[in-house]
1. Taking region B:172-186, which residues are open to solvent by 10 Å² or more (accessible area, probe 1.4 Å) and either within 16 Å of ligand 2 (Cβ to nearest atom) or not polar (S, T, N, Q) (or both)?
2. Return the total of residues in region B:103-117 being surrounded by fewer than 23 Cβ atoms within 10 Å (Cβ to Cβ), in a helix (DSSP H, G or I) and either within 8 Å of another protein chain (Cβ to nearest Cβ) or hydroxyl-bearing (Ser, Thr, Tyr) (or both).
3. Pairs needed: first member in region B:90-101, more than 8 Å from chain A (Cβ to nearest Cβ); second member anywhere, open to solvent by 20 Å² or more (accessible area, probe 1.4 Å) and within 15 Å of ligand 1 (Cβ to nearest atom); C-beta distance under 6 Å; at least 6 residues apart or different chains.
4. What are the residues in region A:181-206 that are open to solvent by less than 30 Å² (accessible area, probe 1.4 Å) and either within 24 Å of residue A:159 (Cα to Cα) or outside any helix (DSSP H, G or I) (or both), if any?
5. Can you pull out every residue in region B:123-171 that is within 16 Å of ligand 1 (Cβ to nearest atom) and open to solvent by less than 30 Å² (accessible area, probe 1.4 Å)?
6. Quick one: count up the residues across region A:115-157 that are of a type in the set (Asp, Glu) and assigned to a strand (DSSP E or B).
7. Just one of (1) within 12 Å of another protein chain (Cβ to nearest Cβ); (2) of a type in the set (D, E, K, R); (3) more than 16 Å from ligand 2 (Cβ to nearest atom) trips up residue B:11, so point out which.
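The values are calculated or read from the model by the stated rules, or taken from the named source; none is laboratory data. Since we're looking at a predicted model, the values are computed, not measured. Note that each Cβ is placed from the backbone with ideal geometry, even for glycine, and that neighbours are counted across all protein chains shown. Calculation scope for accessible area: heavy atoms of the full protein, side chains included, ligands and nucleic acids excluded. Shrake-Rupley method; radii C 1.70, N 1.55, O 1.52, S 1.80 Å.
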Amino acid sequence: MNLRGMIWLALEGLLRKKGRNFLTTSGVFIGVFALTLIVSLGQGLSHAVTSTVSGTDNLRQVGLTGGFGIELSNDPAEIEIPGEMDEARRERLRRAAVNRRQIRQVAGRRANAIDDKTIAELSKLPHIESIQPVIVERYEMKLNGHDSPATLSYGVDVGRKRYADRVIAGSYFSGPGAPEAIVHEYLLYKWGMLTDGDYTKVIGQTVKLKTIQTELTPEQQAPPMLQEFMRDLSEEERKAMQTLLPKLLKQFGQSSQRRAAEREFTVVGVLREQMPGDPFNVIEDGNAVQADLFLPLETARELFLASAVNVELGYPRALVTVTDAEFAPEVEQTLRDKGYTAFSVASALKQIESVLLMITVSISFLTGIALIVSTLGIVNTMITSVIERTREIGIFKAVGATNAQVMTVFLCESAMIGLVGGLLGLALAALAMIPGDLLAVQLINEKAAIPFDQPVFVLPLWLMIAGPALGTGTAIVAAILPARRAARIDPVKALRHD
Amino acid sequence: MTLVVARDLWREYSQGGVAALAGVSVDIAQGEFVALLGRSGSGKSTLLNLLGGLDRPTRGSITVQGRDLATMSARELSLYRRSTVGFIFQSFNLVPTLPAWENVALPLVFQGIPREQRKRAALEMLDRVGLGARGHHRPSQMSGGEQQRVAIARALANRPQLLLCDEPTGNLDSNTSAQIMALIDDAHKAGAALVMVTHDPELARIHASRTIRMADGRIAEPVEVA
Ligand SMILES: Nc1ncnc2c1ncn2[C@@H]1O[C@H](COP(=O)(O)OP(=O)(O)OP(=O)(O)O)[C@@H](O)[C@H]1O
Ligand SMILES: [Mg+2]
């Protein structure tokens with residue numbers, strides 16, 4: 001069948017009633033417009049999230065935090081509250097006892113502390129490339145006559161040359177355990193040092209770091225078994241115990257001695273602030289955003305462990321790197337099963353993407369309703385058109401049109417309504433994305449901490465085809481019944497029709 | 001040679017049990033010119049529509065070139081009309097929004113002939129009916145006679161073997177009628193078999209080679225069957 005002749009007849013029919021057909025088109029137009037925008041937004045956001053995170057080591061990293069007293073039961077029934085009282089009060093006190101017990105446990109050593117021993121053990125798990133402690137500590141700092149009571153420092157992985165690109169004055173660390181430090185430009189700014197000359201003056205100077213004194217109570221220094229024992233003592237017994245404890249600890253070799261660790265390092269460089277475009281590993285660098293002083297990781301670790309509290313409590317966090325991104329969720333789960341708190345970007349990304357997909361699909365579904373409503377308009381227009389053109393259909397048939405050809409004319413007519421609506425919808429959606437992007441980026445940057453410069457709307461080729469195709473398809477489906485009606489018209493009656 | 005053999009044709013309408021045709025048998029030879037006469041309501045148009053495959057008989061057979069129209073599918077009937085039949089109506093039945101040449105070219109659209117070729121053929125047909133210069137005019141810009149000439153050009157566009165005319169001059173004055181009849185005569189001379197419904201016995205006498213008179217859905221006078 002030669003379609004072109006039929007398409008031409010359909011077009012001629014459409015142009016006869018421009019106003020009406022334009023109105024019918026607007027239904028499809030709105031549907032495709034909204035659908036294109038929403039799917040583009042879903043694509044754009046998903047793309048923005050993914051590209052912010054991939055291309056670096058993000059997907060291979062799992063953040064690890066020591067677990068909290070998991071051997072402790074939450075079951076109130078386990079604790080007996082004796083004495084004469086009504087059941088409601090007994091229940092309240094039982095709850096209170098449970099809550100207090102839990103909090104006391106948390107204040108001590110974590111049940112799953114991360115120290116060099118556990119790191120060595122966990123490193124033997126499958127798919128793990130490395131585990132290194134994350135060291136973020138505040139120290140008293142003295143540099144160039146300036147004094148800062150609590151400067152946040154961060155241990156940098158020198159082996160991977162992390163932050164080397166951000167050194168704007170001086171040089172990078174000479175090695176993983178070098179007694180060197182790099183200062184952040186913001187710290188210098190706070191001290192009124194702004195010029196390149198100021199920066200050069202700082203380099204080569206000595207920075208003094210000193211542990212901030214936080215006293216451990218003798219009770220906190222006691223071994224866990226002894227802590228457990230003390231918990232259930234009466235008030236008087238405990239007081240007596242507390243006076244005894246320091247002697248006991250000394251006798252049995254527990255370090256009650258609190259030595260303030262103090263070290264000196266040479267400032268070798270100045271680091272600039274993290275900017276969009278710099279590699280950013282959510283887990284690894286998330287710890288460093290507020291740091292003003294940077295040490296090689298080994299150096300930082302040595303200083304960290306020089307403090308007895310830290311030896312006792314272990315590292316607060318560790319960074320696990322898996323051999324391949326695909327294993328990240330699995331390793332994350334294994335660590336959780338072992339009682340640790342673990343977090344991977346890979347699984348968070350999966351969650352974000354599935355949420356985005358869900359939102360996109362459900363909103364698309366809503367706009368789909370607009371498209372369905374537009375089909376009602378098309379059905380109406382097409383039935384009107386068929387009735388108006390009854391005599392013409394009779395003529396078509398008299399000169400040899402088959403039923404299929406008559407049907408084709410009307411399907412083409414409707415398809416063109418759909419196609420025009422779809423193309424207009426696509427074009428306007430594409431136009432709307434320009435101010436939409438500007439607005440969205442501005443809004444996001446007002447709220448979000450990490451600078452954002454990605455397009456929020458992404459219009460992939462498949463969507464450019466799918467939008468108008470969907471409009472056309474919808475219109476064709478809407479026209480099936482009217483077109484069949486046209487095809488079935490009795491030519492003898494139609495030719496008498498006026 | 002006979003082109004059409006119609007036997008015992010009945011056409012009944014369910015409403016009120018009216019029989020528009022009640023047992024009509026007729027043969028039409030190739031190149032013959034048959035005039036159909038009869039009172040209003042006698043079944044002339046009904047018979048014409050059956051012969052042209054626009055309608056189906058309730059009973060009976062219409063054999064054209066060895067094939068029975070009564071048993072054909074809708075699609076086969078369409079192809080029969082497309083290849084073998086040309087219709088000319090009293091009310092012209094042109095598409096008002098299409099220019100003359102496109103009305104003439106309409107049968108060629110459904111044959112799948114490309115536009116350029118259609119246009120050339122249509123303008124040639126219009127030239128033959130004396131409207132060579134009017135191809136781009138719409139029916140509303142033409143007189144009745146001119147419109148009927150466009151309709152004739154359209155009916156001849158697919159070079160039909162059977163030309164069916166239902167009162168082709170019914171809406172026209174005598175002068176214009178003569179022009180139209182001359183064109184129909186031309187088509188007949190070119191070899192088409194013709195069946196023409198008319199109320200004018202004089203017209204039938206002058207142009208037709210045979211006259212069939214109908215009354216109440218039957219053929220009123222004995223007709224010799226070839
Ligand atoms: N769709 C229909 N339903 C019921 N009866 C019909 C229908 N079409 C035609 N008829 C009847 O069939 C009979 C024949 O009609 P037909 O149109 O063939 O007559 P005709 O001879 O062509 O008349 P005219 O000279 O007025 O055109 C008439 O009585 C008419 O009322
Ligand atoms: Mg009639």
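1. B:172, B:173, B:178, B:182, B:183, B:185, B:186
2. 1
3. Close Cβ pairs satisfying both conditions: B:90/B:166; B:90/B:167; B:90/B:170; B:90/B:171.
4. Residues satisfying the conditions are A:181, A:182, A:183, A:184, A:193.
5. Those that are within 16 Å of ligand 1 (Cβ to nearest atom) and open to solvent by less than 30 Å² (accessible area, probe 1.4 Å): B:164, B:165, B:166, B:168, B:169.
6. Going through region A:115-157 one residue at a time, the tally reaches 4.
7. That leaves (3) as the condition not met.
Conditions tested, residue by residue: (1) at positive phi; (2) within 46 Å of the chain's Cα centre (by Cα); (3) buried (at least 24 other Cβ atoms within 10 Å of the Cβ).
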| site | (1), (2), (3) |
| --- | --- |
| A:406 | no, no, yes |
| A:417 | no, yes, yes |
| A:442 | no, yes, no |
| A:461 | no, yes, no |
| A:464 | no, yes, no |
| A:474 | no, yes, yes |
| A:492 | no, no, no |
